[in-house]
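Engineer: Pasting a structure below so you can have a look.
The values are calculated or read from the model by the stated rules, or taken from the named source; none is laboratory data. This is a predicted model, so every value here is computed, not measured. Glycine gets a Cβ as well: all are built from the backbone with ideal geometry, and neighbour counts include every protein chain shown. Ligands, DNA and RNA are stripped out before the accessible areas are found, and what is left, the full protein with its side chains, is counted by its heavy atoms. Shrake-Rupley method; radii C 1.70, N 1.55, O 1.52, S 1.80 Å.
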Amino acid sequence: MARPKTFEREAVLAKAMAVFWEKGYEATSMQDLVQAMGINRGSLYDTFQDKRHLFLAAIAHYTDTVIQETVSVLQAPDASRAAIEAHFKGLVERVVDSHCRGCLITNTVLELAARDADVALRLRASLQKVEDGFFRALGRAQDRGEIAPDRNLRALAHYLTTCIQGLRVISQVNPHPDALKQTVALMLRSLD
């Protein structure tokens, strides 16, 4: 008779997500995961099947927690241009933090998207959530007269999502706050 699971799935999934976020998919061993999650291999395989399925679950967990937090701020009823500007200013602060691991989505795009279509599809869905959040905030900004009425909001939302990814990538090799702030200032001029 199998023993009942003595762990909370979401809690161990968050621990696995942290390992993948820190090390990447390829560099993460099953031993790393077992140790971080605090469960035995049998429980890991029974619950998540294998490393790849666990990784896909970790990406989904990241989307449902970290990405959703960003999207929630942008979708708040009062979120408009100020929320977008605050998001980018906060992003600069986060990426210059010496302990910043980057973004799990961005890191995974760079590591796996070109050679794993299923992972790329999931990453695209995560990034689409961000773009949709920007789109809603831009719509409110346009309704309030903060953005010109003739602006293509979908194109702007896509541009802002692309800018986030670019900032996260470049900050891994040049996290100089002044350079990043100047870049953000230029990007935000696109809203004028």
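Engineer: Any idea how many residues of region 156-192 are touching an Asp or Glu at 6+ places or on another chain (Cβ under 9 Å) and open to solvent by less than 40 Å² (accessible area, probe 1.4 Å)?
Structural biologist: Number of matching residues: 6.
Engineer: May I ask you to verify whether Ala60 is in contact with a helix residue (DSSP H, G or I) (Cβ under 6 Å, 6 or more places away or on another chain) and surrounded by 14 or more Cβ atoms within 10 Å (Cβ to Cβ)?
Structural biologist: Criteria not met by Ala60.
Engineer: Say whether the condition of being open to solvent by 80 Å² or more (accessible area, probe 1.4 Å) and not in a helix (DSSP H, G or I) is met by at least one residue in region 38-53.
Structural biologist: Checked against the condition, which is being open to solvent by 80 Å² or more (accessible area, probe 1.4 Å) and not in a helix (DSSP H, G or I), region 38-53 yields at least one hit.
Engineer: Select from region 120-142 the residues that are within 12 Å of the chain's Cα centre (by Cα) and of a type in the set (D, E, K, R) and write down the one among them that is surrounded by the fewest Cβ atoms within 10 Å (Cβ to Cβ).
Structural biologist: Filtering first and then ranking leaves Arg124.
Engineer: Out of all the residues in region 6-14, is one or more closer than 24 Å to Leu180 by Cα and open to solvent by 40 Å² or more (accessible area, probe 1.4 Å)?
Structural biologist: no
Engineer: List the helices (runs of 4 or more DSSP H) that sit entirely inside region 68-119 and contain at least 2 residues that are within 25 Å of Gln182 (Cα to Cα), open to solvent by 30 Å² or more (accessible area, probe 1.4 Å) and among the acidic types (Asp, Glu).
Structural biologist: Because the criterion is at least 2 residues that are within 25 Å of Gln182 (Cα to Cα), open to solvent by 30 Å² or more (accessible area, probe 1.4 Å) and among the acidic types (Asp, Glu), the helices (runs of 4 or more DSSP H) in region 68-119 that meet it are 81-96.
Engineer: Given the residues Glu111, Glu69, Glu85, which is the only one that is charged (D, E, K, R) and over 30 Å from Ile147 (Cβ atoms)?
Structural biologist: Glu111
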